[in-house]
1. Are any of the residues in the range 42-58 more than 22 Å from residue 440 (Cα to Cα) and touching a strand residue (DSSP E or B) at 6+ places or on another chain (Cβ under 6 Å)?
2. Being assigned to a loop (DSSP other than H, G, I, E, B), closer than 22 Å to residue 253 by Cβ, touching a helix residue (DSSP H, G or I) at 6+ places or on another chain (Cβ under 7 Å) and at pLDDT 95 or above: is that true of residue 146 here?
3. Tell me which residues, restricted to the range 189-230, are part of a loop (DSSP other than H, G, I, E, B) and crowded, with 23+ Cβ neighbours inside 10 Å.
4. When you scan the range 156-164, do you find a residue that is within 16 Å of the ligand (Cβ to nearest atom), part of a strand (DSSP E or B) and in contact with a helix residue (DSSP H, G or I) (Cβ under 9 Å, 6 or more places away or on another chain), even just one?
5. Does residue 297 satisfy the condition of being touching a residue at least 60 places away in the same chain (Cβ under 8 Å), part of a loop (DSSP other than H, G, I, E, B) and under 20 Å from the mean Cα position of the chain (by Cα)?
6. Output the residues belonging to the range 51-90 that are within 30 Å of residue 384 (Cα to Cα) and away from the ligand (no atom under 16 Å from the Cβ).
7. Quick check: anything in the range 300-310 over 26 Å from residue 138 (Cα atoms), in contact with a helix residue (DSSP H, G or I) (Cβ under 8 Å, 6 or more places away or on another chain) and modelled with pLDDT of 95 or more?
8. Would you please list the contacts, defined by Cβ atoms under 9 Å and residues six or more apart or on different chains, that run from a residue in the range 134-156 that is free of Cβ contacts under 8 Å to residues at least 12 places away in the same chain to a residue that is away from the ligand (no atom under 16 Å from the Cβ)?
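The values are calculated or read from the model by the stated rules, or taken from the named source; none is laboratory data. Keep in mind the model is a prediction, meaning the values are calculated, not measured. Every residue, glycine as well, gets a Cβ built from its backbone with ideal geometry; the counts of neighbours run over all protein chains shown.
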Ligand code: PLP
């Protein structure tokens, strides 16, 4: 049913917001003129704003609310843990019960090469941890000159100094003295933009070969690790050709380089497998995660550590001088344990693979018949639409058109006003809905998207 939605004096909240609140990734002068949208309530896959307008959340908040909004069993688990032990740290030879159970459970869910977990408060902290951990690993092995971590253009790995340096977002690198030393970027496997004249699988091998070229240019004995999202999320739902990750794996193995999967978005069922690397044919040494591990109810992230690295750290490394006050926060871990129980009990990961993911694909293929859409791509519960000027034109020819059309305006303006939240990246409009979105709700979302595209014609 539709919950009671409290309405607020939107203007008053917007004025306070403009006066005092600095938002992430926001042009504040522009925001002050139009006023922030005030979200006040969530239930299932729907949100309500301060004026009572219902929105279907095509983005799971920020790619995180995998089990949907309004799960009382998570709030109850959090409440119970807060009453019992709201905080204690895991430094200095102490531990806590939810953190231990969560670590064991994550290792059980992960591919077989994983044995340990390091917990953080966010995905950015997880990736910072990885930068220090891989360099520490090579120190322990007596190869301290292996410092360089190779990443990809347009990747998103967080907003801390190391996270944003690993990321390949030009706008972020232009501010604040980034990147930190020892990070290199190669091209992304973006077939629609770069694969003209080639089959997808041939392009996958070409894109993977960029890694080998970079390794050889640097000298393999200087390279510590390669990091990538199984499917690039914030970069625009870039689904690599099937040949890409197996070939990257082969190259990493050939030179003994650690492979890191950033599963902050792809982890916990988004692609129809517990971890995206399983679907993509990767065998990573480290996995960073966050978001879907608690469905965003409480902040939590971490690093799954494979036996190769764990053995060096645990048996040979002594003290690793790294950690956060909130590493293993008992309340966050209690939320994660209940969230994982829901994912398992409701078989949500299998549903994405067999039911909702294929339905989203069909719905997006149908949207691709709209005159403004060139083609659609999807993988599990992630999908994108490429906008075009001339139906049938190559994606390449469309980019200037999509920019001219202000895809961002389309998503943030029309879409929001017409009750659907999606995101604009370059010439793409993308969604990553909650994994609980039913087939009927996918149809509802797709119908709203079609109507918004019509308004733009
Ligand atoms: N890695 C990926 C792939 C992400 O999408 C994000 C956030 O969007 C991060 C890392 C950073 O996570 P957080 O915002 O929790 O620091």
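1. yes
2. yes
3. Residues of the range 189-230 part of a loop (DSSP other than H, G, I, E, B): 189-190, 195-199, 219, 229-230.
Selection gives 189, 229, 230.
4. No, the range 156-164 contains no residue that is within 16 Å of the ligand (Cβ to nearest atom), part of a strand (DSSP E or B) and in contact with a helix residue (DSSP H, G or I) (Cβ under 9 Å, 6 or more places away or on another chain).
5. Working: touching a residue at least 60 places away in the same chain (Cβ under 8 Å): yes; part of a loop (DSSP other than H, G, I, E, B): yes; under 20 Å from the mean Cα position of the chain (by Cα): yes.
So residue 297 fits the description; yes.
6. Our first condition is that a residue be within 30 Å of residue 384 (Cα to Cα); within the range 51-90, this holds for 51-71.
Across the range 51-90, the qualifying residues are 51, 52, 53, 54, 55, 56, 67, 68, 69, 70, 71.
7. Scanning the range 300-310, I find at least one residue that is over 26 Å from residue 138 (Cα atoms), in contact with a helix residue (DSSP H, G or I) (Cβ under 8 Å, 6 or more places away or on another chain) and modelled with pLDDT of 95 or more, so the answer is yes.
8. 139/146; 139/317; 144/135; 144/138
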